[in-house]
Every structure is written in C-alpha cells, then in structure tokens.
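Colleague: Submitted below is the structure of interest, expressed as structure tokens.
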Amino acid sequence: MAKSRPRKRHAAAIGAAALLVAVLGVAAVRAAAGPTEAGGVPLRDLAAEQGVRIGAAVNPYLLEDAPDYRALVAEQYGSVTAQNVMKWNTLQPERGEYDFSTADTLTAFADEHDQAMRGHTLLWHQQNPEWLAEGDFGPEELRSIMRDHIDTVVGEHFAGRVYAWDVINEPFRDSGGELRPNLWLDTLGADYIAEALHTAHEADPDARLYINEFNVEGRNPKSDALYELAASLLEQGAPLHGIGLQSHFHAGTVPEDMVANMRRFTDLGLEVTVTELDISVEVPADEEELRVQARDYRTVVENCLRVSGCTGITVWGIGDADSWIPSWFPGRGAALPFDEDYAPKPAYGSLQEALGG
Ligand code: XIL
C-alpha cells in the first residue's frame, strides 16, 4: 500500500500514544540486538513526531548476513531506499528479462517493519546493463525500451509499494549547468526527462516523481540550472513532484544557503528530500573531525525541518563499513552515523537531538 507522508497535525494527536507503543516495541528489538543498541528513542519515531521521514539506503545481502545491520535498519529508519538493487543492471540484466528477486527481499522487509520504500532509480548513466549501454539503439527503439522498463518496474511490479521514484538520476554534469551527455540525452534529446516523467506517472499515478542530483544543495550554477529545468518542466505540465538533494558532503562544507536553495524549489510547488546523506572525513578520523561531522548532521536535519516542503532525510548506508565512500574516494570515509561495528557515533546523537530527542 502506498504510504503518504506523515503530517504534523496528525502527529500531534497520536504523538504520545505512538511514542509509547514505539518505545515498548523497540525495547524488544533492542534486547535482541545486543551491541547494536543505539540508545534513546529511535530516529524513525522522532522523525514521525516532526512530520518527516528518516530513511536509509539498504543492501538486502547485508540484511541477511549482518544481524546488527538488520536490527539497526529495523529500529532506526522509517523509509528504505535500495542502495543498488533497483538499478537497471539488477532489474533488467538482459533485454526483456526482469529479475525482481533481491528488490523484493527489500520491499518484503520494509513491509514487515512498516517502512516506506523510495525507488532508486529509473534513468541514470551508471549501473546500466551492457546490452543497454552498448546497444547503440536508435531513438524509436530506445524510447520503447525506456517505456517498457518504466511500465514494468513502476507500474506492473512496484505500483502501490514504492511511494516515490528517482525517475531521473544525475541529469547534469558534475559541475556547471549543462545536461550530462548520456545514453538518454544523446539519443532522445532533452525531452527524455519529460517523457520519462509522463511514462512513470501513467504507470503509477500515486507515486511521487523526482529528479535526484548531487552538488545542488546550495545555490550554484548547477542548482540554478536544475531550478530552471524544474520550472520549465512544471510549465509544460510534466508530472514532477520533487527534487532529491543527494547531499554527499565533506565534513565542514554544508552550504550556508541550503535552506534558501530548498525554499526556491518548494516555492515552485515541489517537495524536496535529502536523499543520500553522508558526511565524509579524512580517514583515519580524529575526534575533532567527528565533532564537525556531528554538527553537520544536525545542521542538515535542522535545515530540512525549517522548510515546510522537505519530506525527510535518507542516509546513504548504515555503518561506516558499508558506505560507498572509501572505495570511490580513497582517503575519505567514516561518513555515516554508526561506526564499523555499528556502534553509534556522535553524529547519531546529533540526529536524535535535531529531531527533538
Ligand atoms: C552507489 C552505491 O552506494 C554503491 O554501492 C555502488 O557501487 C555505486 O553507487 N549517487 C547515487 C547512488 O545516486 O546510486 C550511488 O550509490 C551513490 C552516488
């Protein structure tokens, strides 16, 4: 079932009772979780009280293999994003042959733990299967491949179970305001974005449809270009509902104008979501860096809470050992609220405090 965003006015009415139930329920999980016990009221319950969701990117293989990881996902997060298993190379590894097995493990876990699912991602320039990336398709064929994928994934398979989709991921170049040359842009032109949104909307009219991007958290040429794109899509009547701010930060670099930047998007009538938050430091991390990191985690949550159209925050992983940062950015790491042994770091305490705990 599609889950709508929890609303503040409801939260006030059910607050006390929900919190009591949550605390009692979580006590049982915690008792079993042993060393993963994070202390205090779980982030997901604090976030619900504030009318937002806090989520995490999750890997179904770790859910199975690492009990501490599994316990933290269940107790702390109210929303789940597939870290990898809803990308094209997993869902349609061969043309016309869909494999939903690992993604379904994740949605089943989310259902069981009353978590909402964010879908990540439909059109991107990475993690595409070879048949697609190297297929050299003409516009007509590529358009029909795109439609088939979106109809099958968003409509036939996940409709009603995924509340929001990153329909378009990283459409701009790393920096600057130009669209990124990729399979879709090169073959279909810039209209691929509107077309994908329309197709996804037809496939599941209830899903919230997003453009997700990095380096757009503050005002800069890239976020200006994203703003122009969003405004023009809305003007053309494209079903765009939200902007995902990935928010892969280096500690100490959360932009000071993040709130103002989020507000210009919400002023267009869009929602915004912090979709992939991690805050990396140089490794090995020292205490001072972890303190800056904790302050930044607090700032990002406070920023979201200050913007009425911000639906919540997803962190990109659970513990430092399962973060993507060390393998993509050698020398950096320790980017998440839990450490390599799933013990809470200062950043976890900041998240709790920022959410009112
Ligand atoms: C990353 C995953 O976390 C890694 O496991 C994988 O090897 C590469 O992709 N932006 C995105 C995410 O939109 O999908 C990426 O996830 C991180 C950057």
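The values are calculated or read from the model by the stated rules, or taken from the named source; none is laboratory data. Everything numeric in this text was worked out from a predicted model, so none of it was measured. Every residue, glycine as well, gets a Cβ built from its backbone with ideal geometry; the counts of neighbours run over all protein chains shown. Keep in mind that these areas ignore ligands, DNA and RNA; they rest on the heavy atoms of the full protein, side chains included. Shrake-Rupley method; radii C 1.70, N 1.55, O 1.52, S 1.80 Å.
Colleague: Going by the structure shown, is Thr102 touching a Ser or Thr at 6+ places or on another chain (Cβ under 7 Å), at negative phi and of a type in the set (Ser, Thr, Tyr)?
Modeller: So Thr102 fits the description; yes.
Colleague: Let me ask something additional. Checking Gln293 against (1) closer than 16 Å to Lys345 by Cβ; (2) within 16 Å of the ligand (Cβ to nearest atom), which single condition isn't satisfied?
Modeller: Here Gln293 meets the rest and fails (2).
Colleague: Could you tell me whether Ala200 is part of a helix (DSSP H, G or I), in contact (Cβ under 8 Å) with a residue 24 or more places away in the chain, in contact with a Phe, Trp or Tyr (Cβ under 7 Å, 6 or more places away or on another chain) and away from the ligand (no atom under 16 Å from the Cβ)? It would help to see each step written out before you state the result.
Modeller: Working: part of a helix (DSSP H, G or I): yes; in contact (Cβ under 8 Å) with a residue 24 or more places away in the chain: yes; in contact with a Phe, Trp or Tyr (Cβ under 7 Å, 6 or more places away or on another chain): yes; away from the ligand (no atom under 16 Å from the Cβ): yes.
Here the answer is yes, as Ala200 does meet what is asked.
Colleague: Return the pair list, or none, for Cβ contacts closer than 8 Å from residues in the stretch 330-348 that are under 16 Å from Pro67 (Cα atoms) and free of Cβ contacts under 8 Å to residues at least 24 places away in the same chain to residues that are crowded, with 22+ Cβ neighbours inside 10 Å and charged (D, E, K, R), at least 6 apart or on different chains.
Modeller: Cβ pairs passing all conditions: Asp339/Asp320; Glu340/Asp320.
Colleague: Follow-up question, since we're still on this one. Quick one: in the stretch 231-263, of everything that is open to solvent by 30 Å² or more (accessible area, probe 1.4 Å) and not in a loop (DSSP other than H, G, I, E, B), which residue is farthest from Asp296 (Cα to Cα)?
Modeller: In this case the residue turns out to be Glu235.
Colleague: How many residues are in contact with a Ser or Thr (Cβ under 9 Å, 6 or more places away or on another chain), more than 16 Å from the ligand (Cβ to nearest atom) and either more than 30 Å from Leu268 (Cβ to Cβ) or open to solvent by 10 Å² or more (accessible area, probe 1.4 Å) (or both) if we restrict to the stretch 303-336?
Modeller: So the answer is 3.
Colleague: Now, a different point. Taking the stretch 93-117, which residues are in contact with a Leu (Cβ under 8 Å, 6 or more places away or on another chain) and not hydrophobic (A, V, I, L, M, F, W, C)?
Modeller: Of everything in the stretch 93-117, those that are in contact with a Leu (Cβ under 8 Å, 6 or more places away or on another chain) and not hydrophobic (A, V, I, L, M, F, W, C) turn out to be Arg95, Tyr98, Asp99, Thr105.
Colleague: Right, next: Would you tally the residues in the stretch 84-114 being open to solvent by 20 Å² or more (accessible area, probe 1.4 Å) and within 14 Å of the ligand (Cβ to nearest atom)?
Modeller: Result for the stretch 84-114: 4.
Colleague: What residue, among those in the stretch 204-227 that are crowded, with 23+ Cβ neighbours inside 10 Å and closer than 19 Å to Met146 by Cβ, is farthest from the ligand (Cβ to nearest atom)?
Modeller: Asp204
Colleague: Could we say that Asp174 is more than 25 Å from Ile145 (Cβ to Cβ) and open to solvent by 70 Å² or more (accessible area, probe 1.4 Å) here?
Modeller: So Asp174 passes the test.
Colleague: Still on this structure: Which one is nearest to the ligand (Cβ to nearest atom), of the residues in the stretch 155-170 that are touching a strand residue (DSSP E or B) at 6+ places or on another chain (Cβ under 6 Å) and open to solvent by less than 10 Å² (accessible area, probe 1.4 Å)?
Modeller: By that ranking, first place goes to Asn169.
Colleague: In the list Arg9, Arg70, which residue meets the criterion of being part of a helix (DSSP H, G or I), open to solvent by 30 Å² or more (accessible area, probe 1.4 Å), at pLDDT 95 or above and out of contact with any His (no Cβ under 6 Å at 6 or more places or on another chain)?
Modeller: Exactly one residue qualifies, and that residue is Arg70.
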